[in-house]
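Peer 1: This is the structure, below, for whatever I ask next.
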Amino acid sequence: MKERIKTVKSLEELQDLYTATFGKNGTMTAKLKNMAALSNEERAVVNAENSELRQLFRDKQTELENAALNAKLATEFVDVTLDVEPENRGTLHPLTQSLKELGTILESLGFEMWTGPEIEDDWHNFTALNTPEYHPARDMQDTFFLENKNVMRTQTSSIQIRAMEKQGVPIKMFAVGSTYRKEMDATHSPMFHQIEGLYIDKNITLSDLIGTLRELLSKFFERDIELRIRPSYFPFTEPSVEFDMKWDNGKWLEIAGAGMVHPNVLKNCNIDPNEYQGFAFGFGWDRMAMLKYGLNDIRAFYDGDIRWLKNSGF
Ligand code: PHE
């Protein structure tokens, strides 16, 4: 038996042998059961044999386990000096990144984010925004018309109407989402994105609008900015203005449309314009991202070309 234990080659074999020796019907078990019939000397012999065998089994088990571990270590090692494969890390799309930044700033100013449907009815996209049917200002937005007078929303201003209808006043919100117009060149894509802010309360003035935009733009572009305000026209604001920002090359860039919300728009949302007023502003979210990150073709945003995403610093 001793010799057999020494020549065992595997843990399974050792287990079988152990069972044959110390198991229920094992040879050693039988001897131990028979101890009562033996003399003291004979018992001493059996006891010695018992502990010797147990020791041999333990030693063999340790030996086999070590051998198995060493074999594993020899094959499964990691060469820490090898070059690592370049990691292909995902990054946020420039639009996602800029929305995060703009959203964080607007939220820090107390504006709450709203979204709305991309297929919009005539009321929310135009009529409630003081642009009834046959209003010439409808021409400003090349619209994709759908059935039943529905449209692909041309502006996120529709979300403002929904927010005022649902929540009433006072309200301080911003709307984000994709918008659609029939136009396409390097600076226009048929699907693009807008962000619009709205703040209606009892004592809101044009200076609140200017302060808000100054704060938003200087935080987003991370610099002191020079703003210019020009009179403009939107059917849903009165007065209407446009904000230009002075760029590095000294040129003025058109940044946002804005104004004081037109009394008709408030009335359309069951808000009394004699008690409440406020401002709204809107800008192209894609355009903001292009300016901040120095990108020059809006269409590239939607191509899904990973090389472009990488080269644009993302
Ligand atoms: N919705 C306008 C546009 O798409 C932008 C705007 C928003 C202007 C809010 C004034 C106030 O051009």
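All of the numbers you see were taken from the coordinates with simple rules; none came from a lab. Worth saying up front: this structure is predicted, and the values here are computed from it rather than measured. All Cβ positions, even for glycine, are placed from backbone atoms using ideal geometry, and neighbour counts span all protein chains on display.
Peer 1: Suppose R0 equals 22 Å; then what is the FRET efficiency for residue 229 and residue 264 from their Cβ-Cβ distance, rounded to the nearest 0.05?
Peer 2: Working: r = 23 Å, r/R0 = 1.05.
Taking R0 as 22 Å, the efficiency between residue 229 and residue 264 is 0.45.
Peer 1: To the nearest 0.05, what FRET efficiency results for residue 249 and residue 137 with a Förster distance of 25 Å applied to their C-beta separation? Mind dumping the intermediate values first?
Peer 2: Details: r = 32 Å, r/R0 = 1.30.
Efficiency at R0 = 25 Å is approximately 0.15.
Peer 1: Something else about it: Using a simple charge model, +1 on the beta-carbon of Lys and Arg, -1 on the beta-carbon of Asp and Glu, nothing else, what dipole does region 2-75 show about its Cα centre, in debye to the nearest 20?
Peer 2: Computed charge dipole of region 2-75: roughly 120 debye.
Peer 1: In deg cm²/dmol, rounded to 500, what helix-only [θ] at 222 nm does the chain give when every DSSP H run of at least 4 residues adds -39500 (n - 2.57) and the total is split over its residues?
Peer 2: Theoretical 222 nm ellipticity from helices: -12500 deg cm²/dmol.
Peer 1: Let me ask something additional. Tally Lys and Arg at +1 and Asp and Glu at -1 over the other residues with C-beta under 11 Å from the C-beta of residue 123: what net charge comes out? Please report the intermediate quantities before stating the final value.
Peer 2: Working: positive: 149, 162; negative: 120, 121, 122, 133, 165.
Taking every Cβ under 11 Å from that of residue 123, the sum is -3.
Peer 1: Hey, another quick one. Quick one: dipole size for region 94-311, taken about the Cα centre, charges +1 on Lys/Arg Cβ and -1 on Asp/Glu Cβ, in debye to the nearest 20.
Peer 2: 340
Peer 1: For region 274-313, state what percent of all Cα-Cα pairs lands in each successive 10 Å bin, counting from 0 Å until the bin that includes the largest distance.
Peer 2: 23, 41, 14, 12, 8, 2
Peer 1: Taking +1 at the Cβ of each Lys and Arg and -1 at the Cβ of each Asp and Glu, which of 104, 136, 186 sits farthest along the dipole of the chain towards its positive end, judged by Cα position relative to the Cα centre?
Peer 2: The one lying farthest along the dipole's positive direction is 104.
Peer 1: List the lysines whose Cα lies under 19 Å from the Cα of residue 24, skipping any in the same chain that are fewer than 8 positions away.
Peer 2: Hits, sequence-local ones excluded: 33.
Peer 1: Let me ask something else about it. Quick check: pseudo-label points 7 Å beyond the Cα along Cα→Cβ at residue 78 and residue 297, how many nm apart are they?
Peer 2: 4.3
Peer 1: Right, another one. Could you state the angle between the C-alpha long axis of helix 157-167 and the longest principal axis of the C-alpha atoms of the chain, as a value from 0 to 90 degrees rounded to the nearest 10?
Peer 2: 80
Peer 1: For residue 201, what is the net charge nearby, where nearby means another residue's Cβ is under 14 Å from its Cβ and Lys, Arg count +1, Asp, Glu -1? It would help to have the intermediate numbers written out before the result.
Peer 2: On the way: positive: 172, 202; negative: 112, 208, 272, 275.
Its environment carries a net charge of -2.
Peer 1: Are there chymotrypsin sites (Phe, Trp or Tyr not before Pro) in region 116-159 that DSSP puts in a loop and that have at most 13 other Cβ atoms within 10 Å, and which ones?
Peer 2: 134
Peer 1: Also, I was wondering about something else. Between 39, 114, 80, whose Cα lies farthest towards the positive end of the dipole of the chain when Lys and Arg beta carbons carry +1 and Asp and Glu beta carbons carry -1, centred on the Cα centre?
Peer 2: The residue sitting farthest along the positive end of the dipole is 39.
Peer 1: Give, in nm to one decimal, the length gained when the segment between residue 201 and residue 40 is fully stretched (0.36 nm per residue of separation minus the Cα-Cα distance). Can you show the working numbers first?
Peer 2: Numbers: separation 161, 0.36 × 161 = 57.96 nm, distance 10.54 nm.
Gain in length upon complete extension: 47.4 nm.
Peer 1: Please list, or write none, the aspartates and glutamates whose alpha carbon is within less than 17 Å of the alpha carbon of residue 31, excluding same-chain residues fewer than 8 places away.
Peer 2: Answer for residue 31, where 17 Å is the Cα cut-off: 41, 42, 49, 52, listed by chain and number.
Peer 1: If each residue of separation counts as 0.36 nm, what is the full-extension length gain between residue 15 and residue 214 once their alpha-carbon separation is subtracted? Write down the numbers at each step before the final one.
Peer 2: Working: separation 199, 0.36 × 199 = 71.64 nm, distance 8.02 nm.
This chain segment gains 63.6 nm when fully extended.
Peer 1: When ranked by the protection proxy of mean other Cβ atoms within 10 Å per residue, highest first, what sequence do the peptides 91-103, 64-76 form?
Peer 2: Details: 91-103: 16.6, 64-76: 10.2.
So the order, starting with the most tightly packed, is 91-103, 64-76.
Peer 1: How much of the calculated P(r) for region 94-311 lies past 29 Å, in percent of all Cα pairs?
Peer 2: Details: 5443 of 23653 pairs.
Counting pairs separated by more than 29 Å, the tail of P(r) holds 23 percent.
Peer 1: Once phi is turned into ³J(HN,Hα) by the Karplus curve 6.51 cos²θ - 1.76 cosθ + 1.60 with θ = phi - 60°, what whole-Hz value does each residue of region 99-113 show in order, with x for glycine and proline?
Peer 2: With the stated coefficients, region 99-113 comes to 5, 4, 5, 5, x, 5, 5, 4, 5, 5, 8, x, 8, 9, 7 Hz.
Peer 1: Here's a follow-up. Any chance you could tell me what percent of the C-alpha pair distances in region 3-76 go past 14 Å?
Peer 2: In whole percent, the share of Cα-Cα pairs in region 3-76 beyond 14 Å is 66.
Peer 1: Now for a different question. Distance between Cα centroids, region 206-243 to region 40-117: provide it in whole Å.
Peer 2: Between the Cα centre of region 206-243 and that of region 40-117, the gap is 55 Å.
Peer 1: How much length, in nm to one decimal, is gained on full extension between residue 166 and residue 188, taken as 0.36 nm per residue of separation minus their Cα-Cα distance? Can you show the working numbers first?
Peer 2: Numbers: separation 22, 0.36 × 22 = 7.92 nm, distance 3.21 nm.
Separation in residues times 0.36 nm, less the Cα-Cα distance, equals 4.7 nm.
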